[in-house]
Amino acid sequence: MSPDFADTFAKNNMTSETVINVSNLDHFFGEKTLKKQVLFDINLAIKAGEIVIMTGPSGSGKTTLLSLMGGLRSAQVGSLQILDQEMRGANKGKLTKLRRQIGYIFQAHNLMTFLTAKENVRMSLELHEQYLNQDINTKSIAMLEAVGLGDHVDYYPESLSGGQKQRVAIARALVSHPKIVLADEPTASLDKQSGRDVVELMQKLAKEQDCTILLVTHDNRILDIADRIIYMEDGQLKSDGVDMRIKLN
Ligand code: ADP
Ligand code: MG
């Protein structure tokens, strides 16, 4: 299928509400005798504004699936439609374009240590052409105020607590109003209360911006913020749409 045709095909097959549509997706690492399959026939649709939590044992393929959805690696087999674009076989240009439309929050906050909180947030806006004519300084400060860090805008990451750094990461991810936020174990290094604060903040901002969140976690204490919980095991999606809270608690 030509890339153009694949996109038209993807558009016609998605309802306007679906922002992520995965069908029959496999993924392999390595080559030849070292080739190993890590994702098996994944099928999943996520709607605009939904908060979906993905859980499951370590090594089950959660990060791999997230990195494919975020355009951090190229999908190989099956179909992966993100924001109306078919990403299977996507080239570098297409992956880069997708990455600009997505907010990422990782376990380790991944802030630039040599930039202040404000500069970290501003950097995310500098990647977007549509913000170049706007006052990105004011926008960055407003976003830091929204995550409760209005009095820490000029702090460097090393002077912030774990929870504060993760809040800067949230501000950085959401300041450009992405349609999708992908978060990989964002509360893993936080204590109970900071973890709770961080996800509640994500939930609040996402609902305000009508943003879709896919959040990977092992943290049973935050499952209640999800609209839906999905479960991965051995590279397979074992449960989609079933309420797993009873099982996990
Ligand atoms: P999870 O996030 O659920 O812990 P991952 O997606 O990180 O799982 O890993 C799934 C499987 O893929 C594991 O067996 C892991 O060892 C393997 N894997 C992950 N990344 C790579 C890579 N870059 N190269 C080779 N194997 C990988
Ligand atoms: Mg992982």
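The values are calculated or read from the model by the stated rules, or taken from the named source; none is laboratory data. On a predicted model such as this, the values are computed, not experimentally measured, just so you know. Please note that ligands, DNA and RNA were not included when accessible areas were found on the heavy atoms of the full protein model with its side chains. Shrake-Rupley method; radii C 1.70, N 1.55, O 1.52, S 1.80 Å.
How large is the accessible surface of SER159 in square angstrom, using a 1.4 angstrom probe and rounding to the nearest 10?
70
Cut-off 10 angstrom, C-alpha nodes, Gaussian network model of the chain. Which of GLY195, GLY162, GLY93 fluctuates the most?
Looking only at GLY195, GLY162, GLY93, the biggest GNM fluctuation is shown by GLY93.
For the full complex of protein chains and a 1.4 angstrom probe, list ASP84, ASP135 by accessible area with the highest value first.
ASP135, ASP84
Kindly flag which residue pairs out of LYS118/LYS179; LYS35/LYS179; LYS118/LYS238; LYS94/LYS238; LYS92/LYS192 have an alpha-carbon separation exceeding 32 Å in this structure.
Listed pairs above 32 Å: LYS35/LYS179; LYS118/LYS238; LYS92/LYS192.
Share of the chain's accessible area from carbon and sulfur, percent, 1.4 Å?
Working: 5990 of 12260 Å².
Within the chain, the accessible surface is 49 percent carbon and sulfur.
If I build a Gaussian network model for the chain, linking alpha-carbon pairs within less than 10 angstrom, which residue out of ASP151, ASP26, ASP234 has the largest mean-square fluctuation?
In this elastic network of the chain, the residue with the biggest mean-square fluctuation among ASP151, ASP26, ASP234 is ASP151.
Which whole-number percent gives the relative contact order of the chain, counting Cα pairs below 8 Å spaced six or more residues apart?
Relative CO of the chain lands at 25 percent.
Keeping every protein chain present and rolling a 1.4 Å probe, give me the accessible area per residue for the chain in Å².
Heavy-atom SASA per residue in the chain reads 49 Å².
How many percent of DSSP beta bridges within segment 119-248 run antiparallel, rounded to 5?
Counting only bridges with both partners in segment 119-248, antiparallel ones make up about 45 percent.
Whose amide H sits under 5 Å from the amide H of ILE105, counting only residues 5 or more places off or on another chain, with H placed in the peptide plane?
LEU182, ALA183, ASP184
Heads up, I need the accessible area for THR113: 1.4 angstrom probe, whole protein in place, Å², nearest 10.
Per-residue accessible area (THR113): approximately 100 Å².
When a/c reaches 1.5 or more, the comparison of a/b and b/c decides; with that in mind, is segment 158-236 rounded, prolate or oblate per its Cα gyration tensor?
Oblate.
I'd like the accessible area for VAL181, computed on protein heavy atoms only with a 1.4 Å probe and all protein chains in place. Round to 10 Å², please.
0
Sorted by accessible area (1.4 Å probe), largest first, how do HIS27, HIS177 line up?
Numbers: HIS27 5, HIS177 110 Å².
Descending accessible area places them as HIS177, HIS27.
How big is Rg to Rh over the chain, alpha-carbon atoms, Rh as the Kirkwood inverse-mean-distance radius?
0.97
What's the Cα-based Rg to Rh of segment 94-191, Rh via Kirkwood?
Ratio value, two decimals: 0.95.
Once you order the gyration tensor axes a ≥ b ≥ c over the Cα atoms, which shape class does segment 110-249 get: rounded for a/c under 1.5, otherwise prolate or oblate by comparing a/b with b/c?
Note, shape of segment 110-249 comes out prolate.
Just the number, please: percent antiparallel of the DSSP beta bridges in the chain, rounded to the nearest 5. Provide the component values of the computation, followed by the final result.
Numbers: 19 of 37 bridges.
Of the beta bridges lying entirely in the chain, close to 50 percent run antiparallel.
Comparing VAL216, VAL19, VAL77, which has the greatest mean-square fluctuation in the GNM of the chain with Cα pairs linked when under 10 Å apart?
Looking only at VAL216, VAL19, VAL77, the biggest GNM fluctuation is shown by VAL77.
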